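J.: Would you mind keeping the following structure in view while I ask a few things?
The values are calculated or read from the model by the stated rules, or taken from the named source; none is laboratory data. None of the values given here were measured: they were computed from a predicted structure. With ideal geometry, Cβ positions are generated from the backbone for all residues, glycine too; neighbour counts draw on all protein chains shown. To get the accessible areas, we keep the full protein, side chains included, count just its heavy atoms, and leave off ligands, DNA and RNA. Shrake-Rupley method; radii C 1.70, N 1.55, O 1.52, S 1.80 Å.
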Amino acid sequence: MSLLVVGLSHRSAPVSVLERASLPAEAQAKLLQDTLAAEPAVEAAVLATCNRIELYADVDKFHAGVAELSTLLAQHSGVGLEELTPYLYVHYEDRAVHHLFSVACGLDSMVVGEGQILGQIKDALALGQELHTAGRLLNDLFQQALRVGKRAHSETGIDRAGQSLVTFGLEQLAAGADVADWAAGKRALVIGAGSMSSLAAATLARTGVAEIVVANRTRARADRLVEILVQPGGTGVAARAVEMAAVRDELTRADVVVSCTGATGLVLTAEAVATALGLDIDDAAETPAAPAVPAPAPADADRHAAWVENGSAVRQAVRRATVPAQGAGPVRLALLDLAMPRDIDGGAARLDGVRLVDIESLAEASADAPMAADVDQVRTIVADEVAAFGAAQRAAHITPTVVALRTMAAGVVAGEIARLDGRLPDLDEKQRAEITQTVRRVVDKLLHAPTVRVKQLASEPGGAGYADALRELFDLDPQTVAAVSRADLNDPNRGRS
């Protein structure tokens, strides 16, 4: 197995790059066809979602494969290779299997545990099958990924982890109070109309807020979300849609703001929040200086973006020094920022009466949350399944050689029986059948232990060489082995979802 994946996702690239690199259906098909036409790849599949673009291939050369797949991604995405390269990640062999299984379980999703990715993996496999770019390896890999993802959702509480991010954020805003009691009668502003914002709006409606205002760059999407919120038999919440230009005015009437957009800059600056509350930006609480990484200027989006991109490890180390305590006094405006990179200026947290919760603070707070145990359990499942998949692939690699060996042995038996017929033509049918059965039993017994043992050895790490040794020891015809492999690969029932 020489599985290689080259890709980028929300974890490696900013939303602006992901948006530009998005692949429509026709571009995905062309990418797969061009990948197969490239020399290093013999199989290919593409997994393209709003948050990731990954090209999987079975390659015969690692370095040439990385170079070719990276170039193809750049060509078909429309983002130059030089610009795209810093955001690409590469996984090879078992690490590539581990990555896809983690993706299938929702561990690599922006919302941990979300189940939508399983449908997207199934679509990726179906496209590879339709275009005949997914062969034995990728069929087995993607089918197993679907099974692993379903197992994770059925055996653990990872679903609760995925569905609880918004609720967990609201719990942090409520600061220990019952979320329903805290939200009752409040006016909420939801900025964005994507999947996360839709989940936030639905969650807010269930908690009992009095009104939800949805603002989105594309007004039609905001209107559709509002229609869902107010449909008959729903929560009964009052909801309306507004243009993004109206956000500042709506901010003056809101009690809760949830923001999750694909914007590359800040959606809400500290200055805008201060103005909505009738505060002076200079009234923000003082922040202790951090010698290593300075906190962003409250109203300076460029400096803030640079600070956000300055490395998560460093940010974690200095976070308590660079991000101030929440503003003093009773909370007048609760802000929940679910975007990455962030939508809301961290400087807003320093304003009196403002409480801000963002992805980083949620990650820190969730370390001891119940969902952390579910994530650990899923990681264990993934590790076990990766080991099992690797063993199965290594064992499958030797199967054509074993089949060719037994075919050769059957030919030898048939030849000897034919020779015996020539030398002992007076044998009756019963005697001939008994001799034939005896010779076959002897051959089967001689081959049984070695073939069983070689399959066991081949399933272990480093066992790929046993197939070569078996072919060499028994002088097997390579064309016969290849024919068995092709017959298995061309089985119409193989790998179908």
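J.: Of the conditions (1) over 25 Å from Ser361 (Cβ atoms); (2) open to solvent by 10 Å² or more (accessible area, probe 1.4 Å); (3) touching a residue at least 40 places away in the same chain (Cβ under 8 Å); (4) not acidic (Asp, Glu), Phe168 fails just one. Which one is it?
T.: (1)
J.: So, in the range 116-158, how many residues would count as being open to solvent by 40 Å² or more (accessible area, probe 1.4 Å) and under 20 Å from Ile53 (Cβ atoms)?
T.: Matching residues across the range 116-158 total 7.
J.: Among the numbered criteria (1) within 19 Å of Ala395 (Cβ to Cβ); (2) surrounded by 14 or more Cβ atoms within 10 Å (Cβ to Cβ); (3) modelled with pLDDT of 80 or more, which single criterion is violated by Asp444?
T.: (1)
J.: Is at least one residue of the range 83-90 surrounded by fewer than 21 Cβ atoms within 10 Å (Cβ to Cβ) and either free of Cβ contacts under 8 Å to residues at least 12 places away in the same chain or of a type in the set (Gly, Ala, Ser) (or both)?
T.: Checking the range 83-90: at least one residue is surrounded by fewer than 21 Cβ atoms within 10 Å (Cβ to Cβ) and either free of Cβ contacts under 8 Å to residues at least 12 places away in the same chain or of a type in the set (Gly, Ala, Ser) (or both).
J.: Out of (1) in contact (Cβ under 8 Å) with a residue 24 or more places away in the chain; (2) among the small types (Gly, Ala, Ser); (3) surrounded by fewer than 16 Cβ atoms within 10 Å (Cβ to Cβ), what's the single condition that is false for Ala177?
T.: (1)
J.: In this structure, does Val213 turn out to be over 28 Å from the mean Cα position of the chain (by Cα), open to solvent by less than 40 Å² (accessible area, probe 1.4 Å) and either modelled with pLDDT of 90 or more or over 25 Å from Asp358 (Cβ atoms) (or both)?
T.: Taking the combined requirement at face value, the residue satisfies it.
J.: Criterion first (in contact with a helix residue (DSSP H, G or I) (Cβ under 7 Å, 6 or more places away or on another chain), open to solvent by less than 30 Å² (accessible area, probe 1.4 Å), free of Cβ contacts under 8 Å to residues at least 40 places away in the same chain and over 24 Å from Asp384 (Cβ atoms)) does Ala74 satisfy it?
T.: yes
J.: Here is a further query. Those residues that are β-branched (Val, Ile, Thr) and without any contact (Cβ under 8 Å) to a residue 60 or more places away in the chain, I need them from the range 395-451; list them, please.
T.: Within the range 395-451, Val412, Val413, Ile417, Ile435, Thr436, Thr438, Val439, Val442, Val443, Thr451 qualify.
J.: With (1) more than 15 Å from Ala134 (Cβ to Cβ); (2) more than 16 Å from the chain's Cα centre (by Cα); (3) of a type in the set (Val, Ile, Thr); (4) open to solvent by less than 20 Å² (accessible area, probe 1.4 Å) as the list, and Ile53 as the residue in question, which single condition is left unmet?
T.: It fails just one condition, (2).
J.: Within the range 196-210, can one find any residue that is under 20 Å from Glu114 (Cβ atoms), charged (D, E, K, R) and assigned to a helix (DSSP H, G or I)?
T.: Scanning the range 196-210 turns up at least one residue that is under 20 Å from Glu114 (Cβ atoms), charged (D, E, K, R) and assigned to a helix (DSSP H, G or I).
J.: Consider Gly463 against the criteria (1) assigned to a helix (DSSP H, G or I); (2) at pLDDT below 85; (3) touching a Lys or Arg at 6+ places or on another chain (Cβ under 6 Å): it satisfies all of them except one. Which criterion is unmet?
T.: (1)
J.: Sort out which residues of the range 255-270 are hydroxyl-bearing (Ser, Thr, Tyr) and either farther than 21 Å from Leu18 by Cβ or open to solvent by 20 Å² or more (accessible area, probe 1.4 Å) (or both), and write them in order of number.
T.: Selection gives Thr261, Thr264, Thr269.
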